[in-house]
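The values are calculated or read from the model by the stated rules, or taken from the named source; none is laboratory data. Since the structure is predicted, the reported quantities are computational estimates derived from the model, not experimental observations. Here Cβ is always computed from backbone atoms with ideal geometry, including for glycine, and neighbour counts include all displayed protein chains. Accessible surface is based on the protein model in full, side chains and every heavy atom, while ligands, DNA and RNA are left aside. Shrake-Rupley method; radii C 1.70, N 1.55, O 1.52, S 1.80 Å.
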Amino acid sequence: MDKYKYRPKQQEVLSYTGGKMGVSAVPGSGKTFTLSHLAAKLIRSNVLADDQEIIIVTVANAAADSFAAKIGELVAKAGLLPNVGYRVRTLHGLAHDIINERPELAGLPEHYQIVDERDQRAIFTLAVNAWKRIHPEFTEQWACIREQRDPMKAANSWDDLLKDLATSFIRQAKDLQVSPDDIQEKMEQAQCSHPLLEFGLSVYRDYQRSLRSRNAVDFDDLISMALQILRSDPDYLARLRRRWPFILEDEAQDSTLMQEQILRLLAGEDGNWVRVGDPNQAIYETFTNSNPRYLREFLSEPGVIARTLPESGRNSKAVRELANYLIQWATQEHPVFELRDSLREPLILPPPPDDQQFNHASQPGFVNPVDTLYESEKEIEFVVNDIKKYLGNHEKATVAVLTTSNDRGADFVAALRAEGVKVIEMLKVDQTTRETAETLEAVLRFLISPSNQKKLTDLYQKLREKVLADAGNEALYKAVSDALTGLKHPEKYLAPLPGEDWLEDLALKVKPDVYEELCLLRDQLRKWQEASLLPIDQLVITIAQDLYTSPADEFTSNPPIRMELGLAHKMALLLEQAARSHPEWRLKDFADRLKEFSDTRKNRLSGFQAQDLGFKPSDHPGEVVVSTIHKAKGLEWDRVYLTAANNYDFPSAQETDGYVAEKYFVRDRLNLEAETLSKLKALVSGDLPGLYLADGEATKAARVYYSAERLRLFYVAITRACSDLIITANSGKWKNNQFSLPFTALLEYWKEHNP
């Protein structure tokens, strides 16, 4: 029997026994809590046979791990075995399960590999370069590189755009379930040979040919092949329906067309399918093929039980009122009519007074939409000074600075650290991730060439410079570094022949602590050299154990650090996966991969960084988290600074607004991705008028689509604040940005109600 006291709306969801149900949940309403309890309740209610499971589908690996742990805890409290009667999967994980049982139905060989982003980018580079060589007129037609102030920079940016365009084209084509041959056939039928379609088709064909030569698939293939299998084998589908009689889907606002099709097939017409999400928090459409309309349409389907979770104890009264007003303004007053559907009710309601969860809604809270349009550096200065004053009086509070880009976040990080404020980065690659990857890379570089004096010295720097500086022993570090710099033959130090031991010859020339340091270093390096014969994952884990769990009296003295050790284990896993895909790889290749992990510009791995390892803001009182709004989703802080509330970062489909996808080096500043994908969708659907739209029409439509997502992003940022919210805006790099429309509306509302 549950000892939890559920809110009335949560109880309505938990009363579910079967059929299709859709749940629209506001931020902080406890949707993960409720869905976990629903899964545990179904498991305890004996509705499953011994060979049946509830399948829970969520977006990210970290969320899947959290769900599995929570459900396991709940069923264990009921005296049942954890990990029995349920399966938690990402969509890719579920697709992989489906394929692995019947790979022959997908036309896959017994031993196939899954390419990662690095491999994809390499293939795209070759395909794009080939296209450019054969079609030099393509660049002349669509780019204006020679006219730019820095043509070399513009040319490099053009190459990056083409690779991104290839990625988007192929992802969209696979989501529409069309092959290169399908596209070719449709183009011939429509007598259409538009250069953007020709470009996409050429790269798509080369990409698929490269995958076939490697016996490989990508992650999008996994999903399309799983769907193909379910459609082609009714008996197998029937067996899966019986095995998984209940489907619970989290973050359903981020569903793609193929995700919905797979789950709809698994559920069947009369099956049990629960979809939980918040359409107002759909903020990933720019990066994926997700769309909140799939959840919205499901909620209004005949026969679907529609429920809401409108009560939230996360936000104070002031923050809640601002978030609710944003919804009301958007739906009723937004001057761009097409954007009035971007946000929808339910509004956020306070929970009952006796709610068992901590209730910020009972607090008044503090909101300050700052009505000064700062220059870019002045905005940073204001925020940093305000944080210092706030933490001076609230040293146990949790604080976040939210930005729309990683580069802007890095500027805040630098400014805060310059003022002595403790900072945690939640950007593309945070400092902990960079340092961990760089240190492991330095060890591998040394193991590749142990006789290279520079690599030996670089490794010593990575291992000891910070440790000895923190201990106030910079003199020891300098003395050892100088000794290693003068070492002409490292082999006489690491593996000397009798009578040629460099270290013994040095013993009488240096201080005892320098000699001891060099002895400890040699012992450690020899151990790693012996371990270099191990498989790459075991080697990295061995190194990490020495680096991050050594007692204080050993050479690599460092207190046990769970975060670095956890990151190293994740890196080891990724390297092991790469080793399986590339059996020919040597240490140099693995070192190159570690370098990519530490590169802020290149790293896009999800579930990888320090903040993804079970990060909780409440574990870091008195520290400031700097994060993009996208990475902050699902988290909350006492005080939030929402920055850059201008008409470039949050446009509203106005001519005077700025749009990230409209590149300065593209002719007429067209959104080439929107132009290309619009024609692809029209081609596949048979929409001939859409296929022949004039250049620029798709760009205008994309402005509305993008502005809707940015409006939801603004809402997500506001609702990260528990008690206090400060909103600022800047005029941008070229000092031509203005307040965004939604921020202007909030400013007017707040001044009127808080004179």
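Restricting to segment 616-630, name every residue that is within 20 Å of the chain's Cα centre (by Cα) and surrounded by fewer than 21 Cβ atoms within 10 Å (Cβ to Cβ).
K616, T628, H630
Any chance you could count how many residues in segment 511-525 are open to solvent by less than 80 Å² (accessible area, probe 1.4 Å) and either closer than 29 Å to K588 by Cα or at pLDDT below 90 (or both)?
8
Out of the residues in segment 171-187 that are under 15 Å from S290 (Cα atoms) and of a type in the set (A, V, I, L, M, F, W, C), which is most open to solvent (accessible area, probe 1.4 Å)?
L176
Quick one: in segment 347-386, of everything that is of a type outside the set (S, T, N, Q) and within 27 Å of the chain's Cα centre (by Cα), which residue is surrounded by the fewest Cβ atoms within 10 Å (Cβ to Cβ)?
In this case the residue turns out to be V384.
May I ask you to verify whether Y284 is under 20 Å from the mean Cα position of the chain (by Cα), surrounded by fewer than 23 Cβ atoms within 10 Å (Cβ to Cβ) and either in contact (Cβ under 8 Å) with a residue 24 or more places away in the chain or farther than 30 Å from I726 by Cα (or both)?
yes
Considering segment 650-699 alone, what residues qualify as being part of a helix (DSSP H, G or I), surrounded by 20 or more Cβ atoms within 10 Å (Cβ to Cβ) and either in contact with an Asp or Glu (Cβ under 9 Å, 6 or more places away or on another chain) or among the hydrophobic types (A, V, I, L, M, F, W, C) (or both)?
L672, E673, A674, E675, L677, S678, L680, A682, L683, L691, A698, T699
For segment 176-186, check the following and say yes or no: at least one residue is touching a helix residue (DSSP H, G or I) at 6+ places or on another chain (Cβ under 6 Å), part of a helix (DSSP H, G or I) and not hydrophobic (A, V, I, L, M, F, W, C).
Yes.
Since Y4 meets every condition but one in (1) closer than 18 Å to Q253 by Cβ; (2) open to solvent by 20 Å² or more (accessible area, probe 1.4 Å), which condition does it not meet?
(1)
Are any of the residues in segment 69-80 in contact with a Ser or Thr (Cβ under 8 Å, 6 or more places away or on another chain) and open to solvent by 70 Å² or more (accessible area, probe 1.4 Å)?
no
If R239 passes every condition in (1) surrounded by fewer than 19 Cβ atoms within 10 Å (Cβ to Cβ); (2) closer than 30 Å to V128 by Cβ but one, which one does it miss?
(2)
Which one of these is at pLDDT below 90 and either among the small types (G, A, S) or open to solvent by 20 Å² or more (accessible area, probe 1.4 Å) (or both): A531, A507, A483? Talk me through it step by step, then tell me what you get.
Working: A531 fails: at pLDDT below 90; A483 fails: at pLDDT below 90.
Only one candidate qualifies: A507.
When you check T17 against the structure, is it open to solvent by 40 Å² or more (accessible area, probe 1.4 Å) and under 22 Å from the mean Cα position of the chain (by Cα), yes or no?
For T17, the condition - open to solvent by 40 Å² or more (accessible area, probe 1.4 Å) and under 22 Å from the mean Cα position of the chain (by Cα) - is not met.
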